[in-house]
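FYI, it's all coordinate maths here, none of it is from the lab. Just so we're clear, the structure is a prediction, and the values are computed from it rather than from any experiment. Please note: Cβ atoms are built from the backbone with ideal geometry, for glycine as well, and neighbour counts cover all protein chains shown.
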């Protein structure tokens with residue numbers, strides 16, 4: 001299976017968002033990754049439902065929504081109504097994680113759980129068979145353009161072992177500092193899905209950048 005590439009909208013040009021969405025539609029990108037931040041769970045605010053509604057209207061790729069918010073379970077139905085394909089919730093933000101995972105699935109979406117850099121993979125042992133994907137943050141969440149955390153490579157390998165040992169079908173996604181130097185190492189360690197913002201949207205040819213990431217194996 002070729003690497004799944006999910007460009008991160010956070011690095012797009014919000015002054016001309018339609019242009020960047022059309023580029024994503026033309027490209028080999030598999031998904032579009034959207035980071036929703038509330039200024040509480042993370043020290044930043046990104047965008048909310050008005051922007052997401054616009055993106056859902058014009059983007060032809062599946063939407064991979066990453067909720068960096070407190071009480072994400074309150075908004076599951078609204079994300080379903082917008083046609084979101086994959087809903088990521090943070091382990092650290094969910095008091096009742098198992099309930100939240102099944103609530104997402106009951107609303108017809110795939111369920112993913114995200115881990116902060118300081119949260120160990122073993123915390124997912126009780127839910128790994130129930131999730132469709134695990135997103136490992138390879139920078140501290142809240143801002144784009146941060147330096148890749150090197151320990152993340154070992155963490156990917158550990159997660160791959162947990163998935164293999166339990167028979168889970170979960171994909172491994174990474175977000176943060178994913179570029180042409182770190183991406184091949186991550187894929188070799190066992191990553192299925194690469195989220196990349198600056199590397200794609202700051203490139204002179206974003207479609208070519210996506211193609212390069214897509215061809216990693």
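Tell me, what is the Rg over Rh of the chain, with Rh the Kirkwood radius over Cα pairs?
So for the chain, dividing Rg by the Kirkwood Rh gives 0.93.
Per residue, how big is the convex hull of region 85-172 when only Cα atoms are used? Give it in Å³.
Residue-normalised Cα hull volume stands at 94 Å³.
Do you know the relative contact order of region 16-155, to the nearest whole percent, from alpha carbon pairs under 8 angstrom that are 6+ apart?
Once normalised by length, the contact order is 19 percent.
In what sequence, highest mean first, do 33-43, 120-130 appear when ranked by Cβ atoms within 10 angstrom?
Peptide ranking by packing, descending: 33-43, 120-130.
Let me see the P(r) profile for region 122-178: every Cα-Cα distance counted, bins of 5 Å, each bin given as a percent of all pairs.
With a bin width of 5 Å, the distribution comes to 4, 19, 30, 20, 15, 9, 3.
Considering only DSSP beta bridges where both residues belong to region 27-105, give the percentage that are antiparallel (nearest 5).
Percentage antiparallel, nearest 5: 10.
Calculate the all-directions average of the projected area of region 5-95's alpha-carbon convex hull, and give it in nm².
The directionally averaged projection comes out at 5.8 nm².
When 14, 47 are ordered from fewest to most other Cβ atoms inside 10 Å of their Cβ, what list results?
14, 47
Can you pull the one-decimal nm distance between simple spin-label points at residue 207 and residue 57, each 7 Å off the Cα toward Cβ?
2.5 nm
How many angstrom lie between the Cα centre of region 44-95 and the Cα centre of region 1-36?
If we compute the Cα centre of each part, the gap is 15 Å.
Considering only DSSP beta bridges where both residues belong to region 15-169, give the percentage that are antiparallel (nearest 5).
Approximately 5 percent, going by the DSSP bridge assignments.
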